[in-house]
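Shown next, in structure tokens, is the structure this report addresses.
No lab work stands behind these numbers, since they all come straight from the coordinates. Because the structure is a prediction, the values reported are computed rather than measured. Counting neighbours? That spans all protein chains shown, and the Cβs are built from the backbone with ideal geometry, glycine included.
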Ligand code: CAA
Ligand code: FAD
């Protein structure tokens, strides 16, 4: 067993750390306030290869492993979790979904642009009445011969306003339950596709989240991904990898808050000494350090499972469940260590605390991760 990163992994991590410090940190408070993430920053992430980290270079990707992906996600998330969710959705949901299950034509047409950041992707599963209960979705795609007729509403869609390509999961035969679901590639300009207003959110405010409406959208047959009826399994398999990315996002949020709290506690004085010398603060730091290290091991194990070709449904669910809890608990502690300063925007920890909450909700809530884990361990 080897707990050390390779030299290549260290270089990749340092490149992401450098980018986060020089390009993401300036303006992160403003992006949170204005709820706007500039296009040129997405382009810069694309230029560095962050939009297609694991994609084969023959499709324009960086050809890196999942360990590299989580290292990049952690570093971006320490500074700006809005940036990292744009990266996460594009990489582990959209690019992965197309590379693993798409046809060669679909890969040439869409993946090559998504992997370089020329295109941005969105993944559309959730609906107003079907979030956790994803098989209950109502969006329908009726087979009309050489095209499908798509109707329905998707909500909470990350990159909803900025994407060029949308992977949409829809019901083609409601009598077949989860076996009557398909995944489709929708282009932003298709007739009958409408983007609703941006949600005003608690956290990851730089990332845009929208409701999408599909009114008689004609989707060419060749835009279906995979075999007829494979869309639900496509979504579940893709989300297993996505949860590794969100676990790494939660890790970065927790680690970022810890680093700020440690630094602050060594500078701020109370009762004649730096506050880190008060045991109540020192013990908080010890708990944070320990839990973050445990969290990192779970994230790395899930990434390693994926790289080794092992089943990662459970390790990704465990990583997301645990690390998101650590992120939520310790960002609250980081605010506490900062005292009053923790409550204002300039010190960054209040934003990290707000951003942490979403990691317990999206890509399957914590309760859903427990369903995935428990079903698998009971089955074994
Ligand atoms: N791999 C392959 N197949 C799978 C699978 C997996 N990981 N998980 C389930 N399936 C298959 C099952 O084997 C079953 O097939 P059979 O009928 O042939 O046996 C079929 O799919 C239906 O599975 P279940 O009976 O387990 O379905 P369920 O209705 O009980 O739901 C669930 C299972 C795990 C709760 C699932 O609905 C789920 O994951 N819900 C959460 C949805 C979610 O994560 N949404 C995220 C949206 S994207 C997002 O959030 C992005 C973002 O924010 C940035
Ligand atoms: P519900 O399913 O209504 O759940 C409400 C509560 O009930 C939760 O606590 C849940 O855990 C609990 N619950 C539900 N069922 C059970 C059960 N069986 N056992 C125990 N507890 C249960 N979706 C996408 O498809 N694409 C995206 O890009 C995307 N981005 C998002 C971005 C943001 C900022 C947000 C807020 C959401 C995003 N989502 C996206 C949607 C997200 O995946 C869903 O919000 C999430 O899956 C939960 O669904 P829901 O909101 O309908 O909650």
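Using r as the Cβ-Cβ distance of residue 345 and residue 151, and R0 as 45 Å, what FRET efficiency do you calculate, to the nearest 0.05? With R0 = 45 Å, the Cβ-Cβ based efficiency is 0.60. Taking a ≥ b ≥ c as the square roots of the eigenvalues of the alpha-carbon gyration tensor, segment 188-254 is classed oblate because a/c is 1.5 or more while a/b is no larger than b/c. Mean separation of Cα pairs under 8 Å and 6 or more residues apart, divided by the residue count, gives the chain a relative contact order of 16 percent.
If you take the Cα centroid of segment 1-56 and the Cα centroid of segment 336-380, the two points sit 21 Å apart.
With equal scatterers on the alpha carbons only and no solvent term, can you work out the Debye log10 of I(q)/I(0) for segment 107-163 at 0.19 1/Å? So the normalised log intensities are -0.87.
Three principal axis extents of segment 315-380 based on alpha-carbon atoms, in descending order, are 49, 18, 14 Å. On a 0 to 90° scale, report how tilted helix 313-337 is relative to the longest principal axis of the chain, with both axes built from alpha carbons and the result rounded to the nearest 10. That helix lies at roughly 40 degrees to the long axis. Using a/c under 1.5 as the rounded threshold, could you call segment 26-136 rounded, prolate or oblate? The axes a ≥ b ≥ c are square roots of the C-alpha gyration tensor eigenvalues, and prolate needs a/b larger than b/c, oblate otherwise. Since a/c reaches 1.5 but b/c is at least a/b, the shape of segment 26-136 is classed as oblate. State log₁₀ I(q)/I(0) for segment 269-380 at q = 0.14, 0.22 Å⁻¹ as given by the Debye formula over alpha-carbon point scatterers of equal weight, solvent excluded. For segment 269-380, the Cα-only Debye profile gives -0.68, -1.17.
Computed extension gain for residue 188 through residue 271, at 0.36 nm per residue and net of the alpha carbon distance, reaches 23.9 nm. With 0.36 nm allotted per residue and the present C-alpha distance subtracted, the residue 33-residue 286 stretch has 87.8 nm of extension available.
On a 0 to 90° scale, report how tilted helix 279-308 is relative to the longest principal axis of the chain, with both axes built from alpha carbons and the result rounded to the nearest 10. The angle comes out at about 30 degrees.
Only helical runs count toward this figure. For the chain, summing -39,500 (n - 2.57) over DSSP H runs of n ≥ 4 and dividing by all residues gives -15500 deg cm²/dmol at 222 nm.
All distinct Cα pairs of the chain go into the 1/r average, and the inverse of that average, the Kirkwood radius, is 21.1 Å.
When Rg and the Kirkwood radius Rh are both evaluated on Cα atoms of segment 126-209, their ratio Rg/Rh stands at 0.99. Rounded to the nearest 10 degrees, the inclination of helix 231-267 to the longest alpha-carbon principal axis of the chain is 20 degrees. The smallest convex shape that holds all Cα atoms of segment 223-268, its convex hull, gives 63 Å³ per residue. For segment 123-280, the Kirkwood radius over C-alpha pairs fed into Stokes-Einstein at 4 °C and 1.567 mPa s yields D = 72 µm² per second. Within segment 218-306, the proportion of C-alpha pairs whose separation exceeds 23 Å stands at 50%. Taking Cα centroids, how far is segment 214-289 from segment 112-141 in Å? Here the two parts' Cα centres lie 20 Å apart.
Over segment 55-201, the fraction of Cα-Cα pairs per 5 Å bin, rounded to whole percents and listed from the shortest bin up, is 2, 9, 17, 20, 20, 15, 11, 5, 1, 0. Is the C-alpha gyration tensor of segment 1-59 telling us rounded, prolate or oblate? Criteria: a/c under 1.5 is rounded; beyond that, a/b larger than b/c is prolate, otherwise oblate. Oblate.
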